[in-house]
Structures are given as C-alpha cells and as structure tokens.
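Participant: Here it is, the structure, as structure tokens.
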Amino acid sequence: MDFRRIEVIFIVVFAILNAYLFGSYWQYQLEAGTTSSSNSSENSTILKEMRNDQITYMPLSNKK
C-alpha cells in the first residue's frame, strides 16, 4: 500500500471538511448578528399590534 498517498488524501479531505464547517459557522454568526439587530424593531411592532388589538398585560418583573 502507498501510505503516503493515503495520508495526502486524508489531509485534503480534512482540509475541505474544515473549510465547510468554518463556512457554516461564519454564516450562522452572520445570521445571529442580523437577528439581534432587528429584534428591537420587531418588539415595537408586536407591541403596536397588541395595542391595536386591545390586548393588555401586566408589567413583567425585572428581578433575577
């Protein structure tokens, strides 16, 4: 068997796998950042819709 050839194949496969996993992680981080910045506008929209529908609620506690 040609162990050098098998070693090269494993290194190439693991490099491709690492690139794919890094790309997935990077995309997840970008999506998470986009979601957190739009949450404040979504919250205000939801509150406006609740007021329009005359939905009332008790203020929530800030205690931890």
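The values are calculated or read from the model by the stated rules, or taken from the named source; none is laboratory data. Please read these numbers as outputs of a predicted model, since none were measured by experiment. Accessible surface is based on the protein model in full, side chains and every heavy atom, while ligands, DNA and RNA are left aside. Shrake-Rupley method; radii C 1.70, N 1.55, O 1.52, S 1.80 Å.
Participant: Not counting ligands, DNA or RNA, and with a 1.4 Å probe, what is residue 61's accessible surface area in Å² rounded to the nearest 10?
Facilitator: The accessible area comes out at roughly 90 Å².
Participant: Compute the helix-to-body angle for 3-52: its Cα long axis versus the longest principal axis of the chain, expressed 0 to 90° and rounded to tens.
Facilitator: Compared with the principal axis, the helix lies near 10 degrees.
Participant: Roughly what % of Cα-Cα distances in the chain sit above 20 Å, to the whole percent?
Facilitator: That fraction is 64 percent.
Participant: Using the heavy atoms of the protein chains and a 1.4 angstrom probe, tell me the accessible area per residue for the chain in square angstrom.
Facilitator: Normalised by residue count, the accessible surface of the chain is 103 Å².
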